[in-house]
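S.K.: Let me give you the structure first, and then I'll get to my questions.
The values are calculated or read from the model by the stated rules, or taken from the named source; none is laboratory data. Because the structure is a prediction, the values reported are computed rather than measured. Positions of Cβ are backbone-derived with ideal geometry, glycine not excepted, and every protein chain shown enters the neighbour counts. The area values use the complete protein model at the heavy-atom level, side chains included, leaving out ligands, DNA and RNA. Shrake-Rupley method; radii C 1.70, N 1.55, O 1.52, S 1.80 Å.
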Amino acid sequence: SIQRRKKSILMLKSLVLASVAALASASNPVLIVPGTGGNRLEAKLDKSGKQVHWYCSKKSDWYDLWLDVKQLVPGAIECWCENIKLVYDADTGTFSNAPGVETRVPCYGDVCGIEYLDMSIKAGDSAYFHDMIEAFVDKGYTRAEDIVSAPYDFRYSAVSNPDGYVNATMNMAEQLYEKTGEKVLWISHSMGGLWTHYIMSQASQEWKDKYIKAWVPVAPAYGGTATELKLFASGDAEGIPLISGSTVREEQRSYESNFWLLPNLDLWKDDEIVVTTPDKTYTAHDLPEFFVDIGYPDGAQIYSTIPYDISDPNVKTYVRYGVGQDTAEHYTYGSNDWDSVKDIKNGDGDGTVNRRSLEAGLSAGWKDSDHKAFDGEDHQSILKNKEFLQELLELAGAA
């Protein structure tokens with residue numbers, strides 16, 4: 001009958017409208033790749049022989065090697081350095097844990113390894129991704145379901161990739177897509193931008209078009225940072241009370257990933273001096289010689305193996321970063337012992353990464369990228385910026 005037909009048409013309209021509304025409200029799953037030191041790292045000890053201090057533990061079950069601030073106080077930090085540092089074999093060109101140390105990365109596919117770095121301190125920099133995660137949860141997202149993370153052993157670069165990280169993370173993006181039916185909004189911070197760029201360079205264009213809605217590199221260290229020069233020469237205690245740079249220098253030099261963060265030669269000219277001593281000056285193009293002179297000749301060999309790539313990732317990018325913060329561009333040493341810096345010349349950046357590195361996508365001519373600077377935000381604080389978090393929600397269709 002006509003009446004029945006009208007009811008059928010009305011029902012069909014309702015179904016169509018409901019389907020359209022569901023599509024309109026569908027939000028994109030979120031995958032986060034943290035920065036260096038941006039996720040928890042666990043260790044298990046079974047050591048023998050003499051330790052740096054008699055009281056350093058030789059045996060332990062799994063515990064948080066990073067981050068537990070109690071391990072970073074004077075007297076304890078030397079034990080921590082011995083446990084977290086990598087050992088480089090110059091003959092094979094490979095890195096490994098110190099003898100008797102086993103490590104693992106917890107919370108892969110969850111966010112429990114990046115939300116808080118020290119599980120006993122749920123504030124400040126320890127609350128690393130908490131504000132961002134909570135912003136998405138408030139809009140209906142569920143931790144470990146449609147907002148996930150890909151933590152990694154941040155001591156290594158893409159050269160070593162000891163745990164099949166690239167394939168695992170691509171697989172996780174595929175699973176998010178299959179589970180939700182929506183493309184993935186990929187967010188990275190700091191060195192996570194280098195890892196993500198590396199993954200995108202390995203992925204086919206077909207894969208990126210199918211699975212990735214957009215990539216949001218936050219405070220990306222694409223082109224490295226001049227602060228790494230001080231780290232290698234003097235060590236960088238990063239403001240830890242009563243700890244000198246020389247205490248952590250050997251540990252920091254041992255990370256393969258710190259070489260990945262050195263200034264990119266495409267962005268630093270060969271006549272731009274970055275380090276001055278009473279006897280010599282160095283540009284970013286003199287780093288092999290620099291490593292020999294600071295007493296770390298293995299550094300020159302490691303440096304030669306690291307890929308420095310700022311080519312177009314061929315995926316839609318929304319690059320977001322802080323500016324207006326004093327960021328080291330040049331270091332002057334008053335003596336040749338490399339233990340203390342006499343003077344620092346600053347330029348613009350986010351306090352950690354130089355502006356030229358944050359904006360490397362601009363100088364490299366990335367085709368489908370949108371850059372936005374947040375004046376006054378630093379390398380960490382941008383992750384809590386309310387305007388930025390609102391923009392992320394909008395990009396994910398969750399605002």
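S.K.: Could you pull out the residue among Ile121, Ile114 that is in a loop (DSSP other than H, G, I, E, B), crowded, with 21+ Cβ neighbours inside 10 Å and of a type in the set (Val, Ile, Thr)?
M.R.: The conditions single out Ile114.
S.K.: Still on this model: In this structure, is Thr196 in contact (Cβ under 8 Å) with a residue 60 or more places away in the chain, more than 26 Å from Lys70 (Cα to Cα) and either open to solvent by 20 Å² or more (accessible area, probe 1.4 Å) or in contact with a Gly (Cβ under 7 Å, 6 or more places away or on another chain) (or both)?
M.R.: No: the conditions fail for Thr196.
S.K.: Now a separate question. Here is a check on your reading of the model: is Phe154 open to solvent by less than 30 Å² (accessible area, probe 1.4 Å) and under 19 Å from the mean Cα position of the chain (by Cα)?
M.R.: yes
S.K.: Collect the residues in the range 328-345 that are outside any strand (DSSP E or B) and either farther than 20 Å from Trp268 by Cβ or open to solvent by 50 Å² or more (accessible area, probe 1.4 Å) (or both), keeping them in residue-number order.
M.R.: Gly334, Ser335, Asn336, Asp337, Trp338, Asp339, Ser340, Lys342, listed by residue number.
Rundown of residues vs (1) farther than 30 Å from Leu362 by Cα; (2) under 20 Å from the mean Cα position of the chain (by Cα); (3) in a loop (DSSP other than H, G, I, E, B), yes/no style:
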| site | (1), (2), (3) |
| --- | --- |
| Leu231 | no, yes, no |
| Glu251 | yes, yes, no |
| Asn264 | no, yes, yes |
| Phe290 | no, no, no |
| Tyr296 | yes, no, yes |
| Val315 | no, yes, yes |
| Tyr321 | no, yes, no |
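S.K.: Separate question: Looking at (1) without any contact (Cβ under 8 Å) to a residue 60 or more places away in the chain; (2) closer than 21 Å to Leu261 by Cβ, which is the only condition Ala144 fails?
M.R.: Ala144 satisfies all of (1) without any contact (Cβ under 8 Å) to a residue 60 or more places away in the chain; (2) closer than 21 Å to Leu261 by Cβ except (2).
S.K.: Do you know which of the residues in the range 43-79 that are under 13 Å from Asp118 (Cβ atoms) and not in a loop (DSSP other than H, G, I, E, B) is most open to solvent (accessible area, probe 1.4 Å)?
M.R.: So, considering only residues that are under 13 Å from Asp118 (Cβ atoms) and not in a loop (DSSP other than H, G, I, E, B), the one most open to solvent (accessible area, probe 1.4 Å) is Lys70.
S.K.: Here is a follow-up. From Ser257, Ser246, Ser311, grab the single residue that is touching a residue at least 24 places away in the same chain (Cβ under 8 Å), assigned to a helix (DSSP H, G or I), within 29 Å of Ala373 (Cα to Cα) and among the small types (Gly, Ala, Ser).
M.R.: Ser257
S.K.: Now a separate question. Checking Tyr108 against (1) over 20 Å from the mean Cα position of the chain (by Cα); (2) open to solvent by 50 Å² or more (accessible area, probe 1.4 Å), which test does it fail?
M.R.: That leaves (1) as the condition not met.
S.K.: Please pick out the residue among Ile9, Ile32 that is modelled with pLDDT of 95 or more and either surrounded by 13 or more Cβ atoms within 10 Å (Cβ to Cβ) or not in a loop (DSSP other than H, G, I, E, B) (or both).
M.R.: Ile32
S.K.: Failed condition for Gly235, given (1) without any contact (Cβ under 8 Å) to a residue 60 or more places away in the chain; (2) under 23 Å from Ile306 (Cα atoms); (3) open to solvent by 10 Å² or more (accessible area, probe 1.4 Å); (4) touching a helix residue (DSSP H, G or I) at 6+ places or on another chain (Cβ under 7 Å), with all others met?
M.R.: For Gly235, the failing item is (3).
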